[in-house]
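The values are calculated or read from the model by the stated rules, or taken from the named source; none is laboratory data. Please read all numbers here as calculations on a predicted model, not as lab measurements. Cβ atoms come from the backbone with ideal geometry, glycine included; neighbour counts cover every protein chain shown. Ligands, DNA and RNA are excluded from the accessible area calculation, which covers all protein heavy atoms including side chains. Shrake-Rupley method; radii C 1.70, N 1.55, O 1.52, S 1.80 Å.
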Amino acid sequence: MSVQATRAAPFEADRASPSKPGAGFQAIAAVLPYLLGFLMLFVAWHIASVYIVQSVLFPAPAAVFAKAGELAASGVLFEQIGASLQRIAIGFVLGSAIGIPIGLLMGTVPFARKMIEPWTEFLRFIPSVAMITIAVIWFGIGENSKIFLIIYATVFIVTLNTASGVATVSKNKLRAAQALGASRFQIFYLVALPATVPFILTGMRLAMANAFTTIVAAEMIAASDGLGVMLWNGRLYMLVDEIFVSLLSLGILGFTFDRLFRWGILRFAGRFSPVA
Amino acid sequence: MAFVELRDVGKWYAALSGRRSIAVQHFSLTLDRGDFLCLLGPSGCGKTTILSMLAGFEAPSEGQILLDGQAVRAPSRDRGVVFQGDDSLYPWLTAVQNIEFGLRVGGVPAKERRATALDYLDLVGLNGQAEKFPAELSGGMKQRIQIARALANKPKMLLMDEPFGALDAQTRSIMQRELRRIWDATGTTIVFITHDIDEAILLSTRVGVMTAGPGGTLKSVIPIEMTGDRERADPAYGRYYQQVHSDIRDEVAKASSYGRKAA
Ligand SMILES: Nc1ncnc2c1ncn2[C@@H]1O[C@H](COP(=O)(O)OP(=O)(O)OP(=O)(O)O)[C@@H](O)[C@H]1O
Ligand SMILES: [Mg+2]
């Protein structure tokens with residue numbers, strides 16, 4: 001809209017802009033703090049590398065970006081990223097698909113909760129990285145072991161968040177539905193389930209972070225491709241630039257997915273807020 | 001036979017200390033069809049507890065609550081509830097979707113229930129707000145959505161817990177008039193909790209005053225016999241006000257002296 005206005009009547013647009021900034025300006029203002037933050041991160045990195053450490057073991061951002069460009073151009077970088085992301089995606093979807101129904105069951109049926117709790121309470125203290133060796137023995141070094149590990153890294157966090165979400169639905173919301181004539185089943189899918197959505201999404205967001213940690217560790221130990229392999233080969237052959245490229249990729253990927261999730265929560269589920 | 005009968009009802013909870021904490025005790029009252037009872041009492045005396053037992057959310061620890069001679073066992077769409085506070089609305093539904101919730105679970109076709117819901121939205125003075133979510137509405141507006149939601153279900157009995165507490169004086173008096181009109185037209189039996197003596201006298205057929213809590217009971221029930229439109233200028237209004245006020249004053253004083261002892 002503002003673009004059209006500018007084209008049609010530039011003077012009017014000029015007069016309007018100080019009181020009511022255009023959409024483009026607002027978008028820039030919104031991301032400006034982020035851009036500044038990232039810029040400072042890279043400046044600090046540059047200073048630390050070039051002026052303080054002054055070692056080939058700590059490359060400057062420019063060198064890392066150059067290496068990243070090189071790896072991207074040859075397609076190697078995207079192959080590795082793709083391999084890791086595919087494992088995360090499959091494991092994460094499966095883990096959530098298992099965790100959500102179990103969490104809902106635990107939150108709704110006290111008997112089920114008491115029965116399942118020993119499992120979740122026991123297993124969630126065994127970190128997924130501790131399961132790598134057994135996963136490799138069970139499933140080999142192919143895709144299955146990594147997917148198993150991501151499922152393992154996802155399922156408990158999603159289950160527990162879902163269950164606690166169901167448990168925190170305010171009493172009056174359930175009572176209101178009862179007094180309005182809702183059946184138990186209607187109360188479940190029209191009240192308890194939607195009220196739990198933000199908790200499910202929060203659980204998935206935390207699980208996503210966990211999945212990133214797990215995949216790197218698993219790939220370092222047992223895989224032929226992926227960002228973890230890039231890290232490990234970097235150590236073996238002293239390719240410090242490549243190590244930094246994969247670290248940078250992990251940071252950017254993690255940040256991007258987390259933002260996407262947050263955006264999704266706000267965009268699609270903001271009004272599902274349990275407190276309002 | 002009385003429509004509703006509370007026989008020596010008491011309710012207690014297991015307190016964290018292990019002892020039981022008494023919320024309300026020895027509460028006896030009968031309601032006839034079409035009664036409009038206002039319940040007054042100091043904070044913490046057990047008004048909400050009585051209401052949630054009448055609704056069937058909680059069972060009495062002792063005594064009995066009978067409805068048409070049958071013990072109340074579970075909530076029912078025959079007893080509509082307006083809750084204290086606004087955490088009972090569904091934040092993922094719009095105002096009009098909240099209002100039509102009861103009709104929706106009752107299987108009323110979408111078009112029909114939407115039309116009914118919009119009528120009730122109008123009735124509580126919120127037309128034009130149909131598509132807003134609860135988070136976008138003020139406290140008083142949310143309260144009115146709750147009232148519309150309960151009314152749209154056309155319950156035989158309305159249980160209202162300080163429903164007009166969050167409203168400004170103007171809206172409050174409009175809503176009072178509307179509630180009187182609905183009560184007149186439908187003959188719904190109403191139990192209405194309030195802290196406002198004026199409101200109780202303008203609305204009800206009987207005013208119940210409770211003793212100070214915790215563990216309050218019914219102290220007195222004063223029938224309000226004013227004919228026609230109720231006016232504050234009516235000399236009877238003044239007499240009732242005095243009577244209710246003197247009953248409740250001592251209890252509020254007791255309640256606040258408990259507070260001081262506890263502090
Ligand atoms: N679930 C509960 N567990 C323990 N104690 C409770 C519970 N619900 C109410 N009580 C206690 O019962 C007493 C009566 O509570 P109730 O909510 O009925 O008071 P009220 O008259 O509605 O007060 P207010 O005017 O402040 O709303 C209070 O002392 C309260 O602490
Ligand atoms: Mg109360």
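Details
- Remark: chain A carries 56 Å² of accessible area per residue (probe radius 1.4 Å; ligands, DNA and RNA excluded).
- The protein assembly as shown - mean residue ellipticity at 222 nm from DSSP helices (-39,500 (n - 2.57) per run, n ≥ 4, rounded to 500): -19000 deg cm²/dmol
- Burial annotation for the stretch B:86-135: residues with an accessible-area loss of at least 40 Å² between the isolated chain and the complete set of protein chains, computed on heavy atoms with a 1.4 Å probe, are B:Asp87, B:Tyr90, B:Pro91, B:Trp92, B:Phe101, B:Val105.
- Seen against the Cα atoms of chain B and their longest principal axis, helix B:169-186 is set at about 80 degrees.
- Contact-buried residues of the stretch A:162-188, at a threshold of 30 Å² lost accessible area versus the chain by itself: A:Asn172, A:Lys173, A:Arg175, A:Ala176, A:Gln178, A:Ala179, A:Leu180, A:Gln186 (1.4 Å probe; DNA, RNA and ligands ignored).
- Ordering of A:176-183, B:238-245 by packing [mean C-beta count within 10 Å, highest first]: A:176-183, B:238-245
- Whichever aspartates and glutamates have a C-alpha closer than 20 Å to that of B:Lys156, once near sequence neighbours (fewer than 8 apart) are set aside: B:Glu5, B:Asp32, B:Asp35, B:Glu58, B:Asp68, B:Asp78, B:Glu100, B:Asp119, B:Glu178, B:Asp184
- In the context of the full set of protein chains, the stretch B:1-86 has a per residue accessible area of 46 Å² (1.4 Å probe).
- In this simple spin-label model, placing a label point 7 Å from the Cα along the Cα-to-Cβ direction at both A:Gln86 and B:Ala253 gives a separation of 8.3 nm.
- Under 5 Å, built H, 5+ apart or other chain: amide partners of B:Val81: B:Leu159
- When A and B come together, around 2100 square angstrom of accessible surface is lost from both chains combined, probe 1.4 Å.
- Carbon-plus-sulfur accessible fraction, the protein assembly as shown (probe radius 1.4 Å, protein heavy atoms only): 62%.
- Fraction of beta bridges assigned by DSSP in the protein assembly as shown that are antiparallel (%, nearest 5): 55 percent
- Summarising the strand pairing of the stretch B:115-242, around 50 percent of its internal DSSP beta bridges are antiparallel.
- Cross-link pairs exceeding 22 Å in C-alpha to C-alpha distance, out of A:Lys114/A:Lys146; B:Lys11/B:Lys47; B:Lys47/B:Lys132; B:Lys47/B:Lys219; A:Lys171/B:Lys219; A:Lys171/B:Lys11, comprise A:Lys114/A:Lys146; B:Lys47/B:Lys132; A:Lys171/B:Lys219.
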